Structure formats: C-alpha cells, structure tokens
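Please read the structure below before turning to the comments.
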Amino acid sequence: MRALAPRRWPLALRVPLLITLLMIGIAGAISKLVLVRLEATQAAHVEELSGAYLDGLSTALLPAMIRRDPWEAFDALDRSRARYRGVGALRVLVVLPDGTVLAASDPIRHPLGAAAPDEAGPAPLRLAPGAATAWIHRAVSEGGVPVGRIAAEVDVTALATERRATLLALVGVNAALTLLFAILGWLLVRRMLRPVLRLSERLGRAAEGRLEPIPEAELPPADTEVGRAFRRYNAAAAAIAEREALLTRLAEEERRALVGRYASAMAHEVNNPLGGLFNAVRMIQRHGDDPERRLRAASLLERGLTGIHNIVRASLILWRGEADARPVSAADIDDLRLLIESEARRRELILDWQQGMEGSFPAPAQAVRQIALNLLLNACAASPPGGRVAVRTQVVGGVLTLVVADEGPGLPTEARRLLIDGPEAQVPQAGGLGLWTVARLVRELDASVHLAGPPGTHVTIRIPDAEHSAHFPAAA
Amino acid sequence: MRRTALPARCRLRRRTLLAAAAALATPPALAARTVTLGLTPVFLDSDIVLVRQIEGHISARIGRPVQVVKRRTYREVTSLLVAGQLDAAWICGYPFVQHRDALEILAVPLYRGEPLYRAYLIARQDRSATTLAELRGDLHAFSDPDSNSGFLVTSAMLAELGTAPAAFFARSFFTYGHRNVIRAVAAGLAQSGSVDGYVWDVMADLEPALVGATRVVQASAPMGFPPFATSRQADPGLARAIRGALLTMPETADGRAILATLRLDGFVAGSPGLFDGIAALSRRARAAG
C-alpha cells in the first residue's frame, strides 16, 4: 500500500495530475461565476421585458379591473396576445384582490371566479434551474387602492437552453483545455526530468561499482543547471575512480611489502636446514657404504627438504594472488603457523597456537589468511622478547572466530579507530598498511572486530558465512 | 356594368341638383350640416370600411355629408337618438319598443328575404345541451342589456321558467357585442351565451374557426329585425331622404357592396307591428321582475 502512496508516484504523473486538479478547480470556479452572472443577466432581461409587458397590460386592463368587468379584461388579454408575442406568455391571469380570477388567457383552465393557483401568487421572479416557465407579477392599483394584480407565466425554455448551452460549452472547453494542459505538463515534465533520470540511472549503476562518466558529446551546455549537474557528476566519477585506483595500488603495494618482509624470513628458514643438508650430503659421500649412516643422512635430507618444501609451499599459497577465492580450510591456518614460526623464533617469542577449526569454512581463503597474517605480524612486532603470541581459531554457529593476542603495549588510537570504523575513516599512512588492509578485508567480508587491552592487545575477528554475506564481491 | 353605372350617374346628377336647389332654399349653415347616423357594433372586428361605405352611400343619396357615430352600448346610441343628437340610427328592436312613442322606423333590413331574425342560445361545441333549462348554473355571456336577442329573449324565457338571469346562472356578464358573446363562449370565458342569430349565421360564414367552437342550443321564434329608426322630432324631409337611400341600396353598386358585406338582401319600409313580438317579450320580462 505504501508503494501506492501519492508521494511515491513518479513526478511525470504527479505534475500533470496536479495541473489537472488545478485546472478543474479553476474551470469549476470560472464556470460557476459565468453561470451566476448569466443567470443574473437573464433575470434582469426577463424583468425588463416582463416589466414593459406588464406595464402595457396593466394600462389596458386597469379600467376592466376597476369595473371588475370580466369581458373587457378578457378582451384586453386576448388582444394583447398578438402584441406581446415576444414575451412568450403562456398563461396570464387577472386576479382580484380577493384572490379570484377575473379573467385569464385560458378561461377554461382558470374560469371566472375561481381561485388563482398558488404558483401564480405574488413572488419575486425566480429562474429555477431547468424550469421551463417562470411567473411574473404586477400589482395594479388606482389612486392607491389595490384593484388586483396580473400574473403571467412566461416561457423561459430559451433562457434555460441558453444556460445549458453555455454550461456545455464551458465544460467542453474547460475539459479540452485541462486535457491539453495535462498532456503538455506530462510532456514538459518528462522532457525536464529526462536528464535527472539519466543521472539517477548512472548513479544507480554506481552502486554496482560502475561510476561511468558521461561522454563529452552528451553533455548539455555548461551554463545550464543540467549541464552543471552532469559536469559535477563527471567530476565525482573521476574522483571516485582515482580513489579506487589508489586503493587498488595501495593494496598491491601492501601485498608486495609483505612479500618483501617474508622473503628474508623465508631465506632464513631455508638457510637453516641447508647446513644440516650439506652435512647429510657429505655423510653420504664419505660413508655412503654404511647403510645405517646413509639412511640417517637420507632421513636428514628428507626432513630438511620437507621443511623447505613446506615453507615454499606456504609462501606459494599465500602469494598466489587475489584469485584464491576458495573456502578457507584448517590447512590454510596451519600454513600460517609455518610462516610465522620463524618470525616468532627470531624474536624469541612463545607462539601459543590453538587451531580449533576443522575442514573448511565458506569464507575466501586468501582474505582470511591475509587478515590473520597481518594481525600475527603486528602481534610479533609489538611483543617484547620472551612474550607470548596467542592464536585461537574456531567455528561456532556459522561464524569463524579468529583471535590474535599479544603482550605488547597495546594498539595506538589511530590503529584502533581504523579497525573499528573501517578503512574509509582514514587515509592509509605509510607503515600502517597492514592494519589498513585488515580493516578493508574485514569490511569486505562483512566481519566484525572486537578489541581488548591493554594490557597487551586482544583482537577478535568474527567472520560470517560468506554465503550469507552480501557485501563480499565475487572474486574476479 | 355600363347599364347600371349610367343610371347611377344620372341619379347622382339629379340628386346633386336637388341638393344644390335645397342649399339655395335653406340657410347655408343648415344646408352644410352633417347628417349623423348612429351605429352599434355589428359583427365585424374592424368595420371601418363598412362605416365609410355606408357614409358614402347615404351621403351620395341625400346630398349631404354623413357621419356614422358609433357607441359601445345600445343605450348610448338610443339615448342620443331619442334626444335628437342623431338623425338616424340602426338600433335593436328592443330599444325601439321601449321608445316606440319617440321613435319612427325608417327601414327594416331584409335577411334571407324577410325582415326577421332569431335569437340564439349558444354553448361550446362540446356541450350536448338542447334547452335553456340545461344551462342552469352556467357562466353566461349576454350581449347588451338593451339587446333583444342578446338579453331580452333569454330573460323572457327565464321568466317563463319562473326565474331570472341572476338566479338561474352562476354568473353572467355583458360583452357589448354579439361577436364578443361568440368569442367569450368559444374561448371558454362563458359556458353559454345569448346572441343575435343573424350575427351568428353570418359569422359562421366569415369566421368558421371561431364560430365552429360554439353550437346553437336553442333558437327563438322569428322576430322583427333590428330597424333603422329616427326620432319623431327629426326633419321629415331628411328622414324621407335617408329612408330612400336605404330602400334603394340594392339598386347601386356601392349599396350592393354594403348589403353583401352585411349579408342582407335589402330594406323594407317596415311597420311598428313587426316588433310586437319583442314588445310582448319585454312585457313578460318586466312582469317577472
């Protein structure tokens, strides 16, 4: 029902409708005025005409009325019939002061001495709407003594017809004008609204991530309202596109920075077993004949190579690119441990790793891993030597909860605000890209952030089931 | 045409000569005096042509200017005639019998070959009444209180029934003209009327639509036709001249035109006895009160 409320009707309908209503109101008022004036004019005309008629008649009838002579009165009426044809008198009665008929133009209907009918009683002229006749009157007296009155019923059909014709003409003309104005209004509003609708359509597409500028050729002149609006839209579209490009570049740079930071850690991790591996190779070279030593050396080689393989595999998976939109699995989280363990060891930290997740969870693996890794790197960086970095993951009620805690001095205010309010609240600062990326991904995953501490920092990220999250765009 | 026109011209010359001789014999003022002829409304709506024809005809016959004097009521004309204000007048038989001592008949018109006519009681065409008795309670139109056919006959008939107009009719009024009685009944102003039978018959010819709306309920016995009369005090020579003009009316073209208009055949000298019937009705009516 609310969708049908007039406020929701399109402007192209509301304006013509308003014009129509306005026109109907104006037309009604004008028609009423015209008809009232016409009726007054007609009444004045009838009064004038009937006045002259009654004057002539009363002059002719006066002697007969004084003498109460029915024949003379009738004769006068009869003779006046032809003379006053223009008046359109249908019935004329000569009524004595006692209310009886002295003579009538139709003596059979109104015989001599009969009571005059009520409608012929003295009353001011009234042109009833639709009435075919009206009564006119004239009191007749002689020397101040009333001798009777003359009442005449006159044909006013011509007047009624004229009024009806006028009314019909008014209704016809007004209806035509109303229709014309309504159509013109509709066309005009549609024409006026066309640029607005175009702008609205383009803005609607912006919600889908496509804010396309209007081609120069389609821009109206710059000195018009629409021209200015279109140019402002183009400026806004350009600004947003620039910002989007910047953000994309920043994200890429951040990812590369992460790669850089890890290249050294990974080199270290690979380098560590290399000495042992060379020893094992030498052992095989020297004591290859000894099956026991050869097996031990081969086992050493295998473990060392497996460690290197794991690190390389985790790194490969981590930096495979943004295309990794498959659901996150427990193995992804375990890979992170391999990546962060060397960093923790380097900083002499205790890594408290409790992986409560089993199988996979419907959230993009790449995004979840990037959030967790950034938080872990920050936690390692913030923790004092010998400190503890705790990691907890679990899935409860369709929500993946990731907790990263450290014993550092706590997050600075900007960092807290960035995580809580989202990446739009701040422009990313140099060196703060990690948390800025977390905030961006959290927003994309429709996840929530909870912060606790100091002492230490306790970050809880709750990631909802991606199938129920409308905000995360499909990976390209 | 030539044969009739020639003697008329001869007579005209003779009368002109006579008039000239009379003018020489009498003082000029008297010789030039206009002869006045009284007339009451007959049946024509506009009788100005007829009046001019009568004036012309009589003037030519008597060699003196003639002026027709019209009055609305019989009484006015009769009074003027009796008082000598009129030289002659066409009056009704009833005023004549009322003033028989003072008046003298000049000539009586011939209607359908006789100096007689009837009085009609008329009603609207849609009524079936055949006697006066059936008209009781009507609105009744009379012609003139001094008219024989337009009042006296009906009054006398009512007297025979032992009643009078005021008691018998719901209401009655005078229209002062036989034509008006027919109009009143035709229009429905009156339900019945007393009218001159001669007028009704002629009008049935002239205005069939009007008269067709009425019908004769009852006709009276024939009575003396309204005569031309003069005062017994009037100049006998003039009276003779006027009588001559009337009696010779069928002999001249203009006279015949007048007679054709009036639907009359001519004139006879007439006698007072012709009006004895009317005198009897008058007595009867007067006796009833």
Give me the extension gain from A:Leu35 to A:Glu244: residue separation times 0.36 nm, minus the current Cα-Cα distance, reported in nm with one decimal.
68.3 nm
Farthest toward positive dipole pole in the protein assembly as shown [+1 Lys/Arg, -1 Asp/Glu at C-beta], among A:Ile136, A:Leu419, B:Thr230:
B:Thr230
Magnitude of the Cβ-charge dipole of the range A:136-283, K/R +1 and D/E -1, about the Cα centre, nearest 20 debye?
300 debye
Quick check: the distance between the Cα centres of the range A:168-229 and the range A:7-80, to the nearest angstrom?
48 Å
Rh by Kirkwood over Cα pairs, then Stokes-Einstein D for the protein assembly as shown at 1.306 mPa s and 10 °C, µm²/s
40 µm²/s
For the protein assembly as shown, with +1 on Lys and Arg beta carbons and -1 on Asp and Glu, the positive-most of A:Asn310, B:Ala269, A:Val46 along the dipole:
B:Ala269
The simple spin-label model distance between A:Thr100 and A:Arg416, using points 7 Å out along Cα→Cβ, in nm, is 11.7 nm
quick note, the range A:325-476, DSSP beta bridge pairs, % antiparallel (nearest 5) is 80 percent
Starting from the Cα-Cα distance between A:Leu451 and A:Ala229, subtract it from 0.36 nm times their residue separation and give me the gain in nm to one decimal.
75.6 nm
Let me know the charge dipole size of the protein assembly as shown about its Cα centre in debye, to the nearest 20, where only the beta-carbon of Lys, Arg (+1) and Asp, Glu (-1) is charged.
2820 debye
Pairwise FRET efficiency - A:Glu358 versus A:Asn279, Cβ, R0 = 41 Å, nearest 0.05
0.60
Starting from the residue with the highest accessible area, list B:Tyr198, B:Tyr94 in decreasing order, probe 1.4 Å.
B:Tyr94, B:Tyr198
Suppose every K and R has +1 on its Cβ and every D and E has -1 on its Cβ; what is the size of the dipole of chain B about the Cα centre, in Debye to the nearest 20?
840 debye
Per residue of the protein assembly as shown, what 222 nm ellipticity follows from adding -39500 (n - 2.57) for every DSSP H run with n ≥ 4, rounded to the nearest 500?
-17500 deg cm²/dmol
State the Cα centre-to-centre distance between the range A:86-125 and the range A:352-369 in whole Å.
112 Å
Exposure ranking of B:Lys70, A:Lys32 by accessible area [1.4 Å probe, largest first]:
A:Lys32, B:Lys70
Span-like helices, chain A: DSSP H, alpha-carbon axial extent 27 Å or more, mean Kyte-Doolittle -0.5 or greater, which ones?
A:11-67, A:157-207, A:225-287, A:291-318
Among B:Ala219, B:Ala123, B:Ala156 - extreme Cα towards positive end, dipole of the range B:119-221, charges at beta-carbon
B:Ala123
Determine the total buried accessible area between chain B and chain A, counting protein heavy atoms only with a 1.4 Å probe; round to the nearest 100 Å².
1200 Å²
Whether the range A:325-476 is rounded, prolate or oblate, judged on the alpha carbon gyration tensor where a/c under 1.5 counts as rounded:
oblate
Roll a 1.4 Å probe over the protein heavy atoms and report the accessible area of B:Thr34 in Å², nearest 10.
50 Å²
Could you tell me the distance between the Cα centroids of the range B:48-105 and the range B:190-251, to the nearest Å?
13 Å
Once both label points are put 7 Å beyond Cα along the C-beta direction, the B:Glu160-B:Ala269 separation in nm becomes 3.3 nm
Shape category assigned to the range B:222-274 from the gyration tensor of Cα positions, a/c cut at 1.5:
oblate
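The values are calculated or read from the model by the stated rules, or taken from the named source; none is laboratory data. Predicted model only: the values in this text are computed from it and were never measured. Virtual Cβ from ideal backbone geometry, glycine too; neighbours counted across all protein chains shown. These accessible areas exclude ligands, DNA and RNA; they are computed on the full protein's heavy atoms, side chains included. Shrake-Rupley method; radii C 1.70, N 1.55, O 1.52, S 1.80 Å.
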